[in-house]
Structure formats: C-alpha cells, structure tokens
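The values are calculated or read from the model by the stated rules, or taken from the named source; none is laboratory data. Treat the numbers as computed from the prediction; the structure is a model and nothing was measured. Cβ placement follows ideal geometry from the backbone for every residue including glycine, while neighbour counts extend to all protein chains displayed.
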Amino acid sequence: MKQAYSTIKKSLVEASVLACGASVIALAVNIFHPKSIPFIATDAYETMVPCPVQEGHVTPIAASASELVEKGVFLVDAREESEFHKWHPKGALLLTYDFLDPIPPENIREMAKRIAAKRATKVLVYGDGANPDTGELLGIDISAAGINNVFYIKGGADALKAVWPKQDGRLK
C-alpha cells in the first residue's frame with residue numbers, strides 16, 4: 001500500500017514538473033515570437049461567429065412599437081446616403097443595401113463591434129418601405145451573418161419618421 005502511494009506521489013510530482021516546464025517554454029516562445037499572443041487584451045474581442053446558414057431570420061415590427069425607445073436598441077438605416085442625410089434618427093448607422101452588391105464582411109464586423117460597444121440587445125433595421133423593403137432584406141443579411149435579434153420596421157423610414165420621438169424621447 002505504501003509503495004502504491006509512493007508511486008502515485010512520484011508520478012504526480014513528475015507530471016507537475018513536466019507541466020511547469022512546458023509552460024515556461026511556451027511563455028518564452030510567446031514572448032520572443034513576432035506574432036505573440038498578448039497576455040492582456042488591448043482590443044475588444046470579435047463577438048460575431050460566422051454562421052453556415054445562408055438565410056437569416058428577421059422579425060417585422062411596427063414603427064409605433066415601444067421597443068424602439070427601449071435601451072439596448074441599435075438602429076440601422078438601409079437607405080441611400082442622400083435619403084439618410086435628409087432624415088434619420090440620432091445614432092442610426094447607415095449601411096446602404098444594394099440588391100446587386102453584397103454587404104462587405106468588414107462592414108458587418110464593424111457594425112457588430114458597435115452593437116457590442118453599445119451593449120445593444122436588439123437591432124432594428126429600417127429601409128425605404130417599398131416592396132421589397134430594403135430594411136427587411138438588409139435585416140436578413142445581417143441575421144445571416146450571425147447577428148441575433150434583428151427586426152425590420154414595417155413601412156420603412158417614412159413610417160418611423162411619423163412616430164419618432166421629437167424632444168421628450170417618447171413616441172407620438
């Protein structure tokens with residue numbers, strides 16, 4: 001019995017020494033490697049995970065819904081830049097939807113970083129309100145890229161503008 005305990009103890013000590021030695025070697029290699037991994041992150045981590053699903057899910061929401069003025073909402077405008085500059089809610093991100101040109105992955109990554117920085121829990125996309133609605137189509141693309149809780153505003157920017165808060169932050 002004593003011999004078995006001694007053998008187990010010796011094995012544990014050897015394993016610990018081996019693990020510590022390997023850790024020291026790994027740290028030394030990391031320190032001197034040109035592409036070393038930082039011990040403390042200086043930039044925010046990417047939170048978007050690519051999804052193999054080709055089609056996303058977007059939920060329609062009325063422009064008058066109370067969710068629009070909740071905390072944790074991130075607004076995305078799918079219209080042309082000229083329309084965006086005529087009117088948009090404060091804080092909305094312009095991400096123009098083009099039927100023939102897919103959204104560059106770097107634009108989706110940048111949007112995901114902004115969503116994370118704002119700690120948003122819902123993404124509300126609005127477009128031109130036409131049929132098909134650019135807001136709905138952009139929302140599908142955003143959702144397919146791996147971002148969750150994506151909604152599109154039925155009626156687009158015109159419906160949103162009609163009820164958007166003026167001074168007091170509440171819907172009409």
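Residue-by-condition table, conditions (1) assigned by TED's automatic domain parsing to the domain that holds residue 65; (2) more than 12 Å from residue 76 (Cβ to Cβ); (3) touching a residue at least 24 places away in the same chain (Cβ under 8 Å):
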{"position": "93", "(1), (2), (3)": "yes, no, no"}
{"position": "98", "(1), (2), (3)": "yes, yes, no"}
{"position": "107", "(1), (2), (3)": "yes, no, no"}
{"position": "111", "(1), (2), (3)": "yes, no, yes"}
{"position": "117", "(1), (2), (3)": "yes, yes, yes"}
{"position": "140", "(1), (2), (3)": "yes, yes, yes"}
{"position": "144", "(1), (2), (3)": "yes, yes, yes"}
{"position": "159", "(1), (2), (3)": "yes, yes, yes"}
Of those in segment 128-150 that are surrounded by fewer than 23 Cβ atoms within 10 Å (Cβ to Cβ) and in contact with a Ser or Thr (Cβ under 8 Å, 6 or more places away or on another chain), the residue nearest to residue 65 (Cα to Cα) is 149
Per the filter on segment 78-127, residues part of a helix (DSSP H, G or I), under 20 Å from the mean Cα position of the chain (by Cα) and surrounded by fewer than 19 Cβ atoms within 10 Å (Cβ to Cβ) are 105, 106, 107, 109, 110, 113, 114, 116, 117, 118
